[in-house]
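Below: the structure, in structure tokens.
The values are calculated or read from the model by the stated rules, or taken from the named source; none is laboratory data. This is a predicted model, so every value here is computed, not measured. Cβ placement follows ideal geometry from the backbone for every residue including glycine, while neighbour counts extend to all protein chains displayed.
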Amino acid sequence: MFECALIQGELFRKLIASVQDLVQDGNFMCDANGISLQGMDSSHVALVALALKKEGFVEYRCDRDVTLGINFANLAKMLKCMGAKDRLSIRAQDEGDSASFVFESEDSSRVSNFELKLMQIDQEQLGVPETQYKAVIRMPSSEFQRICKDLSAIGDTVSISVTKEAVKFSVGGDIGSGDMSLRQSESGDVDGDDSEKVMIELEEPVQQNFALRYLNNFTKATALSKTVTLSLGTDMPLVTEYKMDNLGSIRYYLAPKIDE
Amino acid sequence: KSSQKRLDSYFKLI
């Protein structure tokens, strides 16, 4: 028997919205420690890895490892019926062919029950090694979303170059070119809200090119976290990570574009 | 001209 509950069901709805445009179906691997999901887009250029810890749930029980094969668009149709402040419970039998989703309003005046048919999904999983990155940038997630959205109107490839002073996003296209630089925040602003700062950890300067359409896809997770962390290495996939307090994190990996 | 790499060049299938 697997069951878990979130006080803020809305968080789960945002999680599904953050993955459903990149991968259509996926296996939620549930074990005693939490829920994980990994999915790749069809061209194997981008990968999303979700890691939810049991500590982030108000209730969590997983007697035996359970794999829930889910079509995210179908699940999203059911989650759409959930109230913004509803509590969400998920239940699945060990060998069941469906999973139940229960939404309960704060005052329990409204309770909704949905049963989602599960799928058998044979999914290729990639081994993502823990990597030491040359440059790690933490910045406001809304700022990153805006840069990706605005620059994609000028070019389809963004060059991200990082020095210890600043991170620069550059694009070029038919109409011309442009770049936006964010300077590292002064560490002195002890008053400033940390989530508004730009922090750069640099081992050595890095410059890499990425397709903006994937980055714009990743920024669908902006609602999950006030900050986003970008990790870059020379000729390495970019890691874009949104941490959700004690619930866990959603990480997106994007293969670089290499100049011929 | 820059060519789009795939993740399979960096991560191996498990």
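Data for the structure
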{"read-out": "Among the candidates A:Ser142, A:Ser185, residue that is over 17 Å from the mean Cα position of the chain (by Cα) and over 20 Å from A:Glu130 (Cα atoms)", "value": "A:Ser185"}
{"read-out": "Scan of region A:33-75 for residues that are within 23 Å of A:Ser109 (Cα to Cα) and either of a type outside the set (Val, Ile, Thr) or not in a loop (DSSP other than H, G, I, E, B) (or both), ordered by number", "value": "A:Phe57, A:Glu59"}
{"read-out": "Only one of A:Asp259, A:Asp245, A:Asp174 that is more than 14 Å from chain B (Cβ to nearest Cβ) and modelled with pLDDT under 95", "value": "A:Asp245"}
{"read-out": "Filtered residues of region A:41-59 (kept if of a type in the set (Val, Ile, Thr) and surrounded by 18 or more Cβ atoms within 10 Å (Cβ to Cβ))", "value": "A:Val45, A:Val48"}
{"read-out": "Some residue of region A:133-154 being within 14 Å of chain B (Cβ to nearest Cβ), out of contact with any helix residue (DSSP H, G or I) (no Cβ under 6 Å at 6 or more places or on another chain) and not hydroxyl-bearing (Ser, Thr, Tyr)", "value": "no"}
{"read-out": "Qualifying residue in region A:21-34 (condition: touching a Leu at 6+ places or on another chain (Cβ under 9 Å), away from chain B (no Cβ under 14 Å), among the acidic types (Asp, Glu) and more than 21 Å from A:Gln120 (Cβ to Cβ))", "value": "no"}
{"read-out": "Cβ pairs under 7 Å, 6+ apart, first in region A:117-129 and free of Cβ contacts under 8 Å to residues at least 40 places away in the same chain and within 14 Å of another protein chain (Cβ to nearest Cβ), second assigned to a strand (DSSP E or B) and of a type in the set (Lys, Arg)", "value": "A:Gly127/B:Lys12"}
{"read-out": "Within region A:44-60, tally of residues that are within 7 Å of another protein chain (Cβ to nearest Cβ) and within 13 Å of B:Gln4 (Cβ to Cβ)", "value": "2"}
{"read-out": "Residue list for region A:44-78, filter: out of contact with any Cys (no Cβ under 9 Å at 6 or more places or on another chain) and within 17 Å of A:Glu3 (Cα to Cα)", "value": "A:Ala51, A:Lys53, A:Glu55, A:Gly56, A:Asp63, A:Arg64, A:Gly69, A:Ile70, A:Leu75"}
{"read-out": "Filtered residue count, region A:124-146, keeping only those that are of a type in the set (S, T, N, Q) and crowded, with 19+ Cβ neighbours inside 10 Å", "value": "2"}
